[in-house]
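Right, one structure below, let's go through it.
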Amino acid sequence: MNEQYDIGHHVSSNHAFIRGEERPLNKAVEAFLDDVWTELSAVYEKESKRIKELKNRSRLQAGIMTYLRVAWRKGKFTWADGCIHIDVYEPFSWSDSSYKVEAGAYVAELSEELLSKEFFPALCERIDHLFHSDERGPLFFDYRFEIVFEFEWEQSTLTLKQQLLNESKLLQLQKTLEDFIQAKVIAGLPVLPSEDDMFFFAHHLVNPDLMKQELEEIDSIIRRLSDKLRNNQARKDYWLRQSGSAFNHWAQDHFLPKYYNQTDDYGNEWVLKEEVVYPSADDRELNFFLYAALQIGLTDPDTRQKYLELAVQLDSKQAKDYMNIGSGKFESTYKGERVQARNNDVMRTIDIRILSEEEAAYGEALDYIIKLLQQGFPKDYQLKLKSTQKHVLPIKKLAKSKLHQFFANALRYPALFPKIAEYADTAMEAFAWYRDVDPGEKSVMPGTYAVLGLGLYSEEYFPLVSRYMELVDTEHQMVQDDYAHAFIESHGLMAEHMPVIVSILLGGNEEGRQVKNLIIDRPELAEALIQALKDKEHYQCELVLSRVFGSVKKLTVAAKKAEPPLKERLEELLALQTSTQR
């Protein structure tokens with residue numbers, strides 16, 4: 001059959017292959033096909049214009065269009081009062097964004113045989129021709145395309161599906177992906193994938209058409225990229241979201257439907273199928289599902305938990321171990337004289353039970369946690385604590401979590417300060433957060449409770465506080481904004497403390513408020529502030545002065561009102577601000 005179908009310049013097909021023999025289409029089928037094709041032509045014309053105007057297209061995107069659904073939906077009260085629905089993007093179950101087309105009286109003449117043997121093959125043939133051509137441009141179609149046809153009868157629905165594959169496009173995309181991995185992932189810094197590429201790269205990694213589901217190979221690629229993104233928090237967060245989403249789609253599209261039935265359209269509830277054949281312990285796909293659960297868990301612990309529970313239903317010993325003892329890299333339980341503990345590196349949890357409320361117990365617990373971190377246990381863990389003591393640090397906005405409580409309890413014993421400082425040195429890591437609270441305003445960098453507490457109780461640890469403030473992510477963490485006030489409440493305001501106070505102010509958020517108890521009302525305080533700011537950049541001076549005086553304008557007013565020699569020192573601060581601006 002040599003008829004060509006240009007969706008922009010419609011040429012009607014009046015024939016179909018029936019049992020290997022070419023025959024004219026039934027008149028009702030032909031009318032139905034013409035109505036569908038006319039509407040689809042108009043829709044594809046609009047989509048084509050939109051796609052051609054797209055900018056910043058990723059090289060990893062083979063094309064846009066992947067789906068077409070044509071459906072006859074019966075009328076609400078009378079079957080014949082229905083209409084044709086066309087979806088060019090796979091719709092959500094809860095939405096109705098279909099293009100709707102009125103149909104003629106021919107609908108009553110259609111039968112299941114005519115639809116199955118004439119209409120659907122003719123529709124697929126037209127789409128297949130367009131799909132393999134370049135008539136709409138190289139970006140219009142992706143390498144794979146699904147055609148779905150649904151026809152609602154009074155009491156049943158006919159559903160037909162067809163998958164199309166453009167092998168040459170697939171081969172080209174495979175080659176592009178290979179080159180991308182070498183050029184953007186394996187290659188050294190400063191080369192990184194762009195955010196435009198990351199979405200497609202994440203989904204390509206778990207696409208069986210493009211990558212073999214070889215766990216070791218994919219894990220090595222992810223580890224390499226994660227290592228390169230270590231000091232680029234914004235890009236790292238974006239990558240974790242995209243990769244987690246990609247693994248979740250893979251789980252829901254490829255693995256879970258084999259063994260479970262989804263119980264609703266809106267949530268993530270799955271029920272094990274009856275008489276399902278369980279995968280073996282060394283089944284590659286099951287192991288990849290477990291790996292996917294761990295990757296998803298980096299940003300979505302609840303879904304990780306759910307997927308591991310589902311894998312347990314398949315008698316996966318590995319899933320049981322992940323949930324109960326972790327990966328096996330760490331001794332999972334500890335029983336000491338004064339402390340009992342458990343850990344799970346997969347769930348990123350440490351459980352501490354204080355058997356005796358005394359210095360030695362907290363020292364023993366600290367030794368246990370420090371050893372875990374030194375062995376590579378995730379620093380962004382959640383701590384579960386059983387203790388009769390419930391102390392907290394006198395700092396506003398700090399979450400009253402079990403982790404906070406543990407360090408506040410331990411800080412009651414000055415003899416433990418060196419051990420708490422050792423913990424802080426081991427735990428501190430930029431662009432990481434404890435999991436003791438839900439992600440948000442109260443999330444803090446590992447080591448926070450230890451460092452802030454030590455800084456309140458001992459001058460010996462001021463250098464540690466300054467190092468912490470240089471490391472903390474001021475764009476994404478806010479709780480340290482209130483630390484200056486607590487620090488001054490604890491130590492008073494002294495000239496010799498000004499260097500650490502300035503480091504605390506610089507470690508705060510740019511929108512941090514004025515510190516009300518930081519009052520520069522003595523010449524020696526102003527002089528100490530001048531000395532602490534002399535080597536700072538303009539924006540740093542501006543931030544510090546705004547948090548001390550409220551604003552540079554308020555500093556100007558304060559200088560005018562002050563008496564000598566304070567007046568001269570405040571004027572010198574103004575001059576310092578001006579000189580750094582140049």
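The values are calculated or read from the model by the stated rules, or taken from the named source; none is laboratory data. A quick note: this is a predicted structure, and the numbers were derived from the prediction, not measured. All Cβ positions, glycine included, derive from the backbone under ideal geometry; neighbour counts span all protein chains shown. Only protein heavy atoms, including side chains, enter the accessible area calculation; ligands, DNA and RNA are left aside. Shrake-Rupley method; radii C 1.70, N 1.55, O 1.52, S 1.80 Å.
List of remarks:
- Dipole orientation for segment 435-582: of the candidates H491, G512, G453, G512 has the Cα lying most toward the positive pole (charges on Cβ; Lys, Arg +1; Asp, Glu -1).
- Think of the chain as having a plus end and a minus end, set by charges on the Cβ of Lys, Arg, Asp and Glu; of L555, M469, A28, L555 sits farthest toward the positive end of this dipole.
- Cβ-derived FRET efficiency at R0 60 Å, D321 paired with D128, nearest 0.05: 0.80
- If only the Cβ of Lys and Arg carry +1 and only the Cβ of Asp and Glu carry -1, the dipole of segment 30-117 around its Cα centre is close to 720 debye.
- When the pairs K306/K329; K258/K371; K329/K397; K402/K536; K400/K561 are compared against a 31 Å limit on Cα-Cα distance, K258/K371; K329/K397; K402/K536; K400/K561 fall above it.
- Qualifying trypsin sites (Lys or Arg not before Pro) in segment 485-569, where qualification requires a DSSP coil assignment and no more than 11 other C-beta atoms within 10 Å, comprise K516, K534.
- In this structure, the pairs whose alpha-carbon distance is over 27 Å, taken from K317/K386; K52/K100; K236/K379; K384/K442; K117/K175; K236/K335, are K317/K386; K117/K175; K236/K335.
- For the chain, the longest principal axis of the alpha carbon atoms and the long axis of helix 462-471 meet at an angle near 20°.
- Nearest-20 debye value, segment 384-435 charge dipole, Cβ charges on Lys, Arg, Asp, Glu: 460 debye
- Accessible surface of M494 - all protein chains present, 1.4 Å probe, nearest 10 Å²: 60 Å²
- Each Lys and Arg contributes +1 and each Asp and Glu -1, all at the Cβ; summed about the Cα centre of the chain, the dipole is approximately 2100 debye.
- For segment 233-328: rounded, prolate or oblate by the Cα gyration tensor [a/c cutoff 1.5]: oblate
- Here segment 473-528 and segment 103-173 have alpha carbon centers that stand 67 Å from each other.
- Loop GluC sites (Glu not before Pro), segment 121-157, which have at most 14 other Cβ atoms in a 10 Å radius of their Cβ (DSSP): E154
- Centre separation in Å (Cα based) which lies between segment 335-371 and segment 219-275: 33 Å
- Estimated FRET transfer efficiency (K561, E459; beta-carbon r; R0 35 Å; 0.05): 0.60
- Cross-link reach is defined here as a Cα-Cα straight distance under 19 Å, omitting same-chain residues fewer than 8 places apart; for K49 the aspartates and glutamates meeting it are D6, E39, D87, D134, E135, D142.
- Loop-located GluC sites (Glu not before Pro) in segment 461-501 whose Cβ has at most 14 other Cβ within 10 Å (DSSP): E475
- Aspartates and glutamates with Cα under 19 Å of K76, excluding same-chain neighbours fewer than 8 positions away: D96, E102, E150, E152, E154
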